[in-house]
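Read through the structure below, which is laid out as structure tokens, and then see the notes.
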Amino acid sequence: MNKDGIVDIMDLSIVARALGTYPGHQKWNPEADLNNDYVVDILDITLLAKDYGMRCLCYDFDEPMDWNVWNVVSGNWSVLNGSLEGLSSAEGLIYSRDVIWKECTLTARVKITGDSQTAEAAFCFCFVDTGNFYWAGLGCWGHRVSVSRMVAHVPEEMVFSGDSAEIVKDFWYIVTIKISGDTIMVYVDNVLELTIKDPIFTNGMIGVRPWDSHIIVDYITVSGFVSTPIFDELEVYRGFACGGDDFIYERYTTEHFKKVRQLGFDCLLVEIWWSNFIESDKDAVGVYNEQNLQGLRRSVDLALSQGFNVILSGRVCYNPIEMPDWAGWATHDYVNLQDEGLDRYAKFWEMMVQRFPDCMYCLWHMPYHMQGVDSYRTDRYYTVTFPTLLSAVRKHSNNNVIFVPIHQGSGSGRDSYYYETATPFSDKNIIYGCGHMTDQKVEYGSNWDYNYQKLEDAFKGIKRFKETYNLPMMSVEYFPLQWERGKPISQSRLDCLAESLKRMDKYGIGWMYWRLSHQQRGGDNILEDLENFEPNLSILTILQTWK
């Protein structure tokens, strides 16, 4: 009633002020007469209460696109002459991140242009992520109107009518989709075409999805009840950090990923040594190992097919003083201090984002790992290097980026200290990360002395940052049980793991437990039996308790 798009206490106050009035009364307000019976009474308040909490949004595309709200997954998208224009050679997909809708009605005015290879235009709803959502619209699956769903990246048409040959190009259609409970109704030009019940997805975002077509969307309106706005909802991912070689050399099968997923974890972080696996020739700038990229792509697809979120994490260097062969040729300073190195690493990330648009990205996994660092290097990383890498990603994607502060060297303390004074970046799609977050001596093989205060101190910065800004966070390599060949894990170290996870759960911090490996045998590997792909139950039981 007050034109702010939300039915709330402000609207109730408008009706309340006009209560008992009628035409000619000095406080008469015709907008408060919701049932148009020429008196504002309890019936009007009842009608308002029925819609209390309802919200209405209109995307009219009259302003430049807000890329903090709209996220492009695939296809080419732009705003031109007050309309959203989408062009794709296969699946095109863009979705709005600003609101999670429950029961709602989506209405859009859309046109499929005459140059389209396929006459197809659809709208997504109950969009959970790129592998889980409904879509409905025109021309899908060769039918005039249809409703479909994507579950764990597997598409399925649920109901349809007519033939796509009936669709007229360069003609404006009004498509309306109503979601009420588990019922989906689709209207075309105000005529009910399809109804179906399906209970799988109950809320989510909205989006647009053409296929091999060129579409123009004049507007999209959505009205209904809102769940939590996504920018206020904390994203917590818990799973495993994996060596990139296992993915690149395709050591995992679908059955392997299925087994890990059945353990109850939702995310895999893949550590990619940039100058070893991808750009291995120092003198061949921008020449990438295509065989390794294709192997990585196939493994990522298998993980996605089992419902995992996948984070690609770039590693630059291990210890430049005694650099092991498996770490590649690049150094921390080459990327952080030299413009040539920073530009080269940024271009690597541009390539990765375009090759892997369905992943999240950790741009620098543990910068200055195993190396002390001075204030100049620290300041440049935070003010130049990371913003440059983030800008490179944002040219192509608004997917989540994981930021990791400087690791500060293996002997100089926790990288979580950074968060004792840190402030957030302006980018809304950042998960704030760190590396190790336990008693360091315990990480490197010693028994835990049950010093709970020292453990609390390790979380001091994390606690302060979460309480101040309430932003998503994760440990990118949760590492309390470093590999010890042939040695069992002492109970004290397992207790330290449990106490650490308990605190991470308390503060809503995600974690990628190091490690899941199909090759390394050792105390920290979640796999105890590599041949049969069976987990170490002493570790797994603790992880599952706090996942």
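We did not get these values from a lab; they are worked out from the coordinates using the rules stated. Treat the numbers as computed from the prediction; the structure is a model and nothing was measured. Cβ sites come from the backbone with ideal geometry, for glycine too, and all protein chains shown count toward neighbours.
Think of the chain as having a plus end and a minus end, set by charges on the Cβ of Lys, Arg, Asp and Glu; of 165, 310, 179, 310 sits farthest toward the positive end of this dipole. A dipole drawn for the chain from +1 and -1 charges on Cβ atoms has a positive end, and of 150, 372, 392 the residue lying farthest that way is 372. When each of 271, 63 is scored by the number of other beta-carbon atoms lying within 10 Å, the sequence from fewest to most is 63, 271. Computed over the alpha-carbon atoms, the chain gives an Rg to Rh ratio of 1.03, Rh here being the Kirkwood radius from the mean inverse distance. Each Lys and Arg adds +1 at its Cβ and each Asp and Glu adds -1 at its Cβ; summed about the Cα centre, the range 234-545 shows a dipole of about 680 debye.
Centre-to-centre separation between the Cα atoms of the range 450-479 and those of the range 123-180: 44 Å.
Across the options 121, 136, 476, the greatest Cα extent toward the positive end of the charge dipole of the chain (unit charges at beta carbon of Lys, Arg, Asp, Glu) belongs to 476.
Sorting 81-90, 25-34 by their mean Cβ neighbour count within 10 Å, with the most densely packed peptide first, gives 81-90, 25-34. Dividing the summed helix terms, -39500 (n - 2.57) for each DSSP H run of n ≥ 4, by the number of residues in the chain produces a 222 nm estimate of -7000 deg cm²/dmol to the nearest 500. Using only Cα atoms, tell me the angle between helix 290-305 and the longest principal axis of the chain; keep it within 0 to 90° and round to the nearest 10. Helix 290-305 sits roughly 60 degrees off the main axis of the chain.
Counted by Cβ distance under 15 Å from residue 264, the other residues give a net charge of +3, where Lys and Arg count +1 and Asp and Glu count -1. The magnitude of the dipole of the chain, with charges of +1 and -1 set on the Cβ of Lys/Arg and Asp/Glu and taken from the Cα centre, is near 980 debye.
Each Lys and Arg adds +1 at its Cβ and each Asp and Glu adds -1 at its Cβ; summed about the Cα centre, the range 55-231 shows a dipole of about 380 debye. In plain terms, the residue of 196, 462, 174, 406 with the fewest other Cβ atoms within 10 Å comes first and the most crowded comes last, giving 174, 196, 406, 462. Cα centroid separation, the range 279-322 to the range 494-534: 22 Å. Going from the fewest other Cβ atoms within 10 Å to the most, the residues 339, 505, 283 appear in the order 283, 339, 505.
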